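Values quoted throughout were computed directly from the atomic coordinates according to the rules given, and no laboratory measurement underlies them. Because the structure is predicted, anything quoted here is derived from the model rather than measured. Methodologically, a virtual Cβ is constructed for each residue, glycine included, from the backbone with ideal geometry; neighbour enumeration extends over all protein chains shown.
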Amino acid sequence: MAINYSYPIIDEVQGDDLILLADASKQNQTKSASVSQLASYINLGGSQNSVKTIQLTSEQLISFNGGETIELVKAPGADKVISIISIVGFLDFNSTVYNFNQNLTISIGSNTQSTLFTTQLNASADEYFTLDNQGGGTSSILIPNVSLDLKSSASATVTTGNSTLTLNILYRIVDFS
């Protein structure tokens, strides 16, 4: 029998790479499966986790006046919903503090999923934060085939600031078709 750690390390795992398994339904016969097959098996719930990192420039942030919206994750398609697992943010402070007068919301349609507070946006130093789901342990309404957006209210204003904001979004698309 070969010693597992004696094999060279693979540079990059691909979907058609093979893994050896003992097939329990066939008296533990050694068989192979592709990485894609294994991923499909692990992904039992008809959903797939994804990570998206979005960097917003100071120009984009200063545009959040009077109801601006920026799409963070596109609409997933019919009978599919976006379910946020976590959002981690980083405001990379440059030299001028923002003057947001209102919070920004991360929303699916008209349903707020999370809030980006003015204290985070108007920070005068680098700011790392996590955004909690508004549900607070209760259910949140998800709408099929609707994008995840960063929004300002109609009365929001911001005129100064020059930092970048990075949002790292861990989410899954759940398919109910």
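Can you check what the net charge comes to around Ser147, using other residues whose Cβ is under 10 Å from the Cβ of Ser147 (Lys, Arg +1; Asp, Glu -1)?
-1
Considering only Ile82, Ile143, Ile106, the Gaussian network model of the chain with Cα springs below 10 Å gives its largest mean-square fluctuation to Ile143. Rounded to the nearest 20, the Cβ-based charge dipole of the chain about its Cα centre (Lys and Arg +1, Asp and Glu -1) stands at 420 debye. Computed over the chain with a Gaussian network model linking Cα atoms closer than 10 Å, the most mobile of Gln37, Gln113, Gln102 is Gln37.
Scalar couplings 3J(HN,Hα) for segment 81-90, obtained by applying the Karplus form with A = 6.51, B = -1.76, C = 1.60 to θ = phi - 60°, are 10, 9, 10, 6, 9, 7, 10, 10, x, 9 Hz; x denotes Gly and Pro. The C-alpha radius of gyration of segment 48-177, expressed as a fraction of 2.2 N^0.38 Å, stands at 1.05. Our helix-only sum for the chain, with -39,500 (n - 2.57) per DSSP H run of n ≥ 4 divided by its residues, gives a mean residue ellipticity at 222 nm of -2000 deg cm²/dmol. Sites listed here are trypsin sites (Lys or Arg not before Pro) in segment 19-125 whose DSSP assignment is loop and whose Cβ has at most 14 other Cβ atoms within 10 Å: Lys74.
Can you pull out the chymotrypsin sites (Phe, Trp or Tyr not before Pro) in segment 47-149 whose DSSP state is coil and whose Cβ has at most 15 other Cβ atoms within 10 Å? When the chymotrypsin sites (Phe, Trp or Tyr not before Pro) of segment 47-149 are filtered for loop state and at most 15 Cβ neighbours within 10 Å, Phe117 remain.
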